[in-house]
Amino acid sequence: MSFAQYMDIALYDESLGFYATIGRAGRRGDFLTSPEVGPLFGALIARRLDEEWFALGSPDMFVVVEFGAGPGTLARSIAFAKPECAPALRYLMVERSAEQRTLHAEHLDGWLGDLDAPGVDSFVRGVGTGPRFASSSIAPYGITGVVLANELLDNLAFDIVRHDGEGNFERLDVHHGQDGLEFVVAPTEVSASLAAVLSSATSGEWMPLQEHATQWLAAAIDRLDRGVVIAIDYGATTAEIAARPEMGWLRTFVGQERGGHPLDNPGTCDITTDVAVDQLATIARPSVITTQRQFLERVGIAQLVEEGRQIWTENASAPDVAALRARSRIGEAEALLESSSLGDFVVLEWTV
Ligand SMILES: C[S@@+](CC[C@H](N)C(=O)[O-])C[C@H]1O[C@@H](n2cnc3c(N)ncnc32)[C@H](O)[C@@H]1O
């Protein structure tokens, strides 16, 4: 099978896939994402949601579809931040893993359950005051609002390919050999638009071919009547990714540590890649590209940290939970803005 087929099974198969069984984002999980650093990230995303809601003319119905919601931490922080769009907000957590969807109900007032297709349809078109939250494996079309994905695209199945500089491509397939699973090189075809992007990388170097990510983006844009698609991830150009020594872009994680070879013990570790921004751009050029640092500064991280500092100073002699939470913004901001880490992630926005 292709590596993309293998990866899809290793991460998402209902009985053995990493995300269907043991895999989790979070401090006690396998890797730390921005929402899992603490509630500050969600408070800042809430500000971006408000900005979009106002830009759309404060519609009565404002739908946010968060893809790859994991355990639902970002939604909880957004609810906690009480954004101005809350009365109009219908927030759908689209998560492929049923196991992770069972975690969404925790600490989320206004959660309406794990919905099937008709349920999703009425959720995004229903009446009544928000905020309302729900979960599903299915995402709707025809919405006004925001499609959001934090660290989803690096987890969508990809192939591993190289070119010879003359328009010929090879990929790594996965075979069952004498000593277990092994890579085998096979000739392959690549669509013209992606072939042009891949050819910008040095010939002979292995690189990810991210067809699932580009298909996700095409569908995400199609889902919106009006609004914005926002994807946040570690990203680079295909040429930059291919240039990483020893395929350093192909990473595995388990229990906050780097894991072993991706073909060892399928289902026991996360498999990820840097996201190739120029491959996504074959679907549509982003309207805005910033680093996470630039994005968070623009939506007011300094102001929220200063506010937290003041609340802490006023309550330091007898701190309550709110004061402790306010103080923790300082450390959270450092982590979210850190260079060569979360601060250097890319935030890609496609306005529809
Ligand atoms: C790296 S985790 C990120 C979780 C969360 N967004 C965060 O930032 O902490 C990626 C999540 O995407 C989910 N996922 C993968 N493919 C998906 C798809 N096509 N639709 C919805 N969820 C998906 C996985 O099950 C996993 O929970």
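List the trypsin sites (Lys or Arg not before Pro) within region 1-90 that fall in a DSSP loop (any state other than H, G, I, E or B) and whose Cβ has at most 13 other Cβ atoms within 10 Å.
ARG27, ARG28
Each listed q (0.09, 0.11, 0.13, 0.14 Å⁻¹) maps to a log10 I(q)/I(0) for the chain from the Debye sum over equal C-alpha point scatterers, namely -0.51, -0.76, -1.04, -1.19. For the residues GLU306, GLU334, a 1.4 Å probe over the protein chains yields an accessible-area ranking, largest first, of GLU334, GLU306.
Among THR291, THR313, THR272, the largest mean-square fluctuation in a Gaussian network model of the chain (Cα springs under 10 Å) belongs to THR313.
Helix screen, the chain: DSSP H segments with Cα axial length of 15 Å or more and mean Kyte-Doolittle hydropathy at least 0.0 are 39-55, 321-337. Sorting ILE22, ILE143 on solvent-accessible area from highest to lowest, probe radius 1.4 Å, gives ILE22, ILE143. What shape does region 76-124 have by the C-alpha gyration tensor, where a ≥ b ≥ c are the square roots of the eigenvalues, rounded means a/c under 1.5, and otherwise prolate means a/b greater than b/c and oblate the rest? Oblate, because a/c is 1.5 or more while a/b does not exceed b/c.
Is region 2-111 best put as rounded, prolate or oblate by its Cα gyration tensor, with a ≥ b ≥ c the root eigenvalues, rounded for a/c under 1.5, and otherwise prolate when a/b is larger than b/c, oblate when not? Because a/c hits 1.5 or more and a/b exceeds b/c, region 2-111 counts as prolate.
If I compute solvent accessible area with a 1.4 Å probe over the protein chains, what percent of it on the chain is carbon and sulfur? Here carbon and sulfur together make up 51 percent of the probe-accessible area.
Please work out whether region 81-206 counts as rounded, prolate or oblate from its C-alpha gyration tensor, where a ≥ b ≥ c are the square roots of the eigenvalues and a/c under 1.5 means rounded, while otherwise a/b larger than b/c means prolate and anything else oblate? It is prolate, given that a/c is not under 1.5 and a/b is the larger ratio. The Rg/Rh ratio for region 159-207, using Cα coordinates for both the radius of gyration and the Kirkwood hydrodynamic radius, is 1.05. Probing with 1.4 Å while keeping every protein chain in the model, the per residue accessible area of the chain equals 44 Å². Computed from the alpha carbon atoms alone, the convex hull of region 217-275 holds 130 Å³ per residue.
Note: relative contact order over the chain, using C-alpha pairs below 8 Å and six or more positions apart, is 19 percent.
The values are calculated or read from the model by the stated rules, or taken from the named source; none is laboratory data. Nothing here was measured: the structure is a model prediction, and the numbers come from that model. FYI the Cβ positions are ideal-geometry reconstructions off the backbone, even for glycines, and counts take in every protein chain you see. We work out accessible area using only protein heavy atoms, side chains counted, and drop any ligands, DNA or RNA first. Shrake-Rupley method; radii C 1.70, N 1.55, O 1.52, S 1.80 Å.
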